[in-house]
Amino acid sequence: MASKTLTRADLSEAVHRDIGLSRTESAEMVKSVLDLVSTALVEGASVKLSSFGTFMVRSKKGRIGRNPKTGEEVPITPRRVMVFRPSQVMKNVINGLEPGSDD
């Protein structure tokens, strides 16, 4: 399987091709959507895209980690991380099943 990264430009081109907006308007629309998602996540909200999945931010507590090479203990500071949970429909599509089937 060839690995290809889907870029913002690819999304803009798809909007341009499928909807018929100009390339500039397509790029602005994609930027606007991504900005809305980013802002919601920064504010701590979850972003749910039906039939795709849910993006959310989780807070992780500080802890003591260990450098595997030296064995030295290192403090890991508390932080927020973004997580993605795919929907069942997306899982089925990825695994080549019918989108509605629960296998």
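Computed from the coordinates by the stated procedures, all read-outs in this text should not be read as laboratory data. The shown structure was predicted, so the numbers you read here are calculated from the model rather than taken from an experiment. Cβ placement follows ideal geometry from the backbone for every residue including glycine, while neighbour counts extend to all protein chains displayed.
Structure summary
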{"item": "Residues of type lysines that Lys69 reaches as a straight line, Cα spacing below 29 Å, ignoring anything fewer than 8 places off in the same chain", "result": "Lys60, Lys61"}
{"item": "Nearest 10 degrees, 0 to 90: helix 23-42 Cα axis against the chain principal axis", "result": "30 degrees"}
{"item": "Among [x] 200; [y] 186; [z] 112, the entry that matches volume of the Cα convex hull per residue in Å³ as calculated here", "result": "[x]"}
{"item": "Candidates per GluC sites (Glu not before Pro) in the range 43-101, loop by DSSP, up to 15 other Cβ within 10 Å", "result": "Glu43, Glu72"}
